[in-house]
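Each remark here refers to the structure printed beneath this line.
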Amino acid sequence: MDTTPSPTPTARRASLTVDQDDPIWALPATFRWGVATSAYQIEGATSEDGRTPSIWDTFCRVPGAVRDADHGDVACDHYHRMPEDVALIADLGLDTYRFSVAWPRVQPGGRGPVNHAGLAFYDRLVDELLSRGVEPWITLYHWDLPQELEDAGGWPGRDTAYRFADYAMLVHDALGDRVPTWTTLNEPLCAAMLGYHVGVHAPGRRDLGDAVAAVHHLLLGHGLATERLRAASAPGTQLGITLNLGPGQPATDSAVDRNAARLADGLGNRLYLDPVLRGSYPDDVVADLARVGVQIPVRPGDLETISAPIDVLGVNYYFAHRISGTDEQGRTAEADGLPVRRSLPTGRPTTAMGWEIQPEGLTELLVRLGHDYPGIPMVITENGAAFDDEPDADGFVADDDRVAFVAEHLRAVARARQRGADVRGYLAWSLLDNFEWAEGYAKRFGLVRVDYETQRRVPKRSALFYRDVAQRVRQAG
Ligand code: IFM
């Protein structure tokens with residue numbers, strides 16, 4: 001690959017050399033190239049223009065919940081710097097920006113009329129993107145549930161699904177004429193399991209039954225919103241959901257490890273894929289949950305709603321698992337009676353999150369999805385890595401580790417396509433360094449560095465590499 005320095009956004013070299021015969025160059029000219037962010041992680045301005053608190057505003061105030069007691073009050077100040085951030089995306093030559101809408105900004109309290117001042121921000125954002133030739137891709141829910149809805153029961157309560165569909169329509173009424181792609185939910189697994197079972201994300205509850213009810217009501221909300229969005233949308237509008245998925249191999253061929261891997265796949269992947277794409281929950285997972293006294297609160301008609309047809313499956317991929325069914329003490333069942341599912345290290349290098357770098361897992365995942373859930377186009381709606389970036393005196397980060405990570409994962413996507421997976425695009429996580437949930441600002445995922453003291457943005461080497469790869473693939477078509 002020609003790494004000739006280019007003048008924008010900084011005259012730095014995108015350093016990695018990619019061979020002429022690299023699978024990356026087999027990506028089609030029509031491939032979608034973009035970046036993703038989410039509202040709470042970048043916007044700040046948490047009490048401006050009528051926005052009310054979300055569960056994350058509340059959770060960040062719980063002592064010890066978030067590293068360094070960080071919070072999203074200012075974050076990347078994107079709410080006030082939006083045109084500058086859109087210019088970054090446009091200058092990188094990317095075609096798509098996936099962002100999320102903050103529910104408590106648009107509909108404070110989670111019910112009732114629209115808050116025009118809050119909605120106006122997204123109206124301006126969409127127009128700014130379109131004026132710079134960047135396609136807006138909306139995610140309606142990226143974890144910032146209005147606190148008042150949590151106080152009324154949160155996602156374990158069925159009513160929240162209906163509130164979500166109403167909110168989706170408020171956003172669609174305002175932006176549906178200009179936004180071609182809509183994702184209902186980002187990573188319902190994290191919203192439900194980390195928020196209501198493990199308790200390390202907002203709202204910090206710890207009950208498996210509540211978490212499983214939350215899964216169902218998140219998916220019901222997805223289905224209700226999809227049905228209503230479909231009825232209101234112009235032909236050609238793309239609707240979908242984003243799931244975080246990861247393959248898991250048993251550590252050994254023992255029955256215990258294979259059973260643990262089955263359950264990990266069931267709870268991590270199939271619990272979401274099957275209802276959305278097949279209209280049923282997986283029998284084995286339902287049986288496992290029943291054994292520990294947990295039932296999915298399905299009512300007649302729910303699964304038909306949840307499996308309303310979608311146009312695109314968003315796949316978020318970070319790592320794969322090697323699953324053992326035995327814990328350090330040799331036990332094979334958790335306290336709740338479910339098989340132990342322990343992810344074992346395989347010895348590969350890790351990112352700053354401690355996640356192993358496993359690009360081959362992405363190929364495996366995409367090929368499997370294409371095989372098990374045929375007929376649904378996929379887009380990588382998130383993939384990226386946190387590293388301990390070291391800026392130079394100019395604030396530039398020569399993040400060759402992230403460059404290599406992006407290259408390896410693009411290659412993994414290209415290989416999956418060669419094996420028949422219908423993958424149509426890649427949205428890097430993330431445009432900016434941002435608020436990484438329970439890790440606060442300690443972990444940096446951005447292609448663009450943010451100096452949180454000054455709010456100065458500086459594209460990293462990975463941003464320039466990504467720009468150049470996208471440009472070359474596009475031109476080759
Ligand atoms: O930052 C998150 C994002 O909000 C959801 N997907 C995973 C990312 C990295 O942890």
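The values are calculated or read from the model by the stated rules, or taken from the named source; none is laboratory data. All values reported here derive from a predicted model rather than from experimental measurement. Positions of Cβ are generated from backbone atoms using ideal geometry, with glycine treated the same way; all protein chains shown enter the neighbour counts.
Quick notes on this structure:
- Just one of the listed residues (ARG449, ARG402) is under 19 Å from the mean Cα position of the chain (by Cα), within 22 Å of ARG98 (Cβ to Cβ) and not in a loop (DSSP other than H, G, I, E, B), and it is ARG402.
- The residues of region 316-343 that are farther than 25 Å from ASP207 by Cα and more than 16 Å from the ligand (Cβ to nearest atom) amount to a single one, ARG322.
- Tabulated pairs, region 277-288, first on the phi < 0 side of the Ramachandran plot, second small (Gly, Ala, Ser), C-beta under 8 angstrom, 6+ apart or interchain: LEU277/SER307; ARG278/SER307; PRO282/GLY266; ASP284/GLY266; VAL285/GLY266; ASP288/GLY266
- Among (1) surrounded by 21 or more Cβ atoms within 10 Å (Cβ to Cβ); (2) farther than 27 Å from ILE380 by Cα; (3) touching a Gly at 6+ places or on another chain (Cβ under 8 Å) - the single one LEU289 does not satisfy: (3)
- In the set (1) within 16 Å of the ligand (Cβ to nearest atom); (2) assigned to a loop (DSSP other than H, G, I, E, B), the condition left unmet by LEU313 is number (2).
Condition check ((1) of a type in the set (Gly, Ala, Ser); (2) within 16 Å of the ligand (Cβ to nearest atom); (3) under 30 Å from THR96 (Cα atoms)) across all residues:
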residue: VAL200; (1), (2), (3): no, yes, no
residue: ARG206; (1), (2), (3): no, no, no
residue: HIS222; (1), (2), (3): no, no, yes
residue: ARG228; (1), (2), (3): no, no, yes
residue: GLN238; (1), (2), (3): no, no, yes
residue: ILE241; (1), (2), (3): no, yes, yes
residue: ASN244; (1), (2), (3): no, yes, yes
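- Yes/no for ASP127 being acidic (Asp, Glu), within 30 Å of ASP207 (Cα to Cα) and either within 16 Å of the ligand (Cβ to nearest atom) or at pLDDT 95 or above (or both): no
- Unique residue being touching a Phe, Trp or Tyr at 6+ places or on another chain (Cβ under 9 Å), part of a helix (DSSP H, G or I) and among the hydrophobic types (A, V, I, L, M, F, W, C) when the list is ALA290, ALA260, ALA225: ALA225
- Residue within region 172-189 that is at pLDDT 95 or above, assigned to a helix (DSSP H, G or I), more than 27 Å from LEU129 (Cβ to Cβ) and under 18 Å from the mean Cα position of the chain (by Cα) present: yes
- Where a residue in region 32-55 is under 16 Å from ASN316 (Cβ atoms) and its partner, wherever it lies, is assigned to a helix (DSSP H, G or I), with Cβ under 7 Å and at least six apart: VAL35/ILE89
- Residues in region 141-148 include none that are touching a Lys or Arg at 6+ places or on another chain (Cβ under 6 Å) and within 16 Å of the ligand (Cβ to nearest atom).
- The criterion of at least 3 residues that are at pLDDT 95 or above and more than 16 Å from the ligand (Cβ to nearest atom) is met by the following helices (runs of 4 or more DSSP H) wholly inside region 1-102: 78-91.
- Of the residues making up region 419-442, those that are over 19 Å from ASP77 (Cβ atoms) and not hydrophobic (A, V, I, L, M, F, W, C) are ARG419, GLY420, ASP422, ARG424, GLY425, TYR426, GLU439.
- Single condition VAL114 does not satisfy, out of (1) at positive phi; (2) touching a residue at least 12 places away in the same chain (Cβ under 8 Å); (3) assigned to a loop (DSSP other than H, G, I, E, B): (1)
- Candidates in region 402-448 are the residues that are charged (D, E, K, R) and within 16 Å of the ligand (Cβ to nearest atom); of these, the one that is surrounded by the most Cβ atoms within 10 Å (Cβ to Cβ) is ARG402.
- Of all residues making up region 366-386, the number that are within 15 Å of the ligand (Cβ to nearest atom) and either touching a helix residue (DSSP H, G or I) at 6+ places or on another chain (Cβ under 7 Å) or not polar (S, T, N, Q) (or both): 7
- Residue check, TRP33 within 19 Å of ALA428 (Cβ to Cβ) and surrounded by fewer than 20 Cβ atoms within 10 Å (Cβ to Cβ): no
- Selection from region 389-412 of residues that are over 25 Å from GLU364 (Cα atoms) and in contact with a Pro (Cβ under 7 Å, 6 or more places away or on another chain): VAL397
- Test: residue in region 381-402 that is modelled with pLDDT of 95 or more, among the basic types (Lys, Arg) and within 18 Å of PRO250 (Cα to Cα): no
- Residue list for region 292-306, restricted to those being within 22 Å of GLY240 (Cβ to Cβ) and loosely packed, with under 13 Cβ neighbours inside 10 Å: GLY301, GLU304
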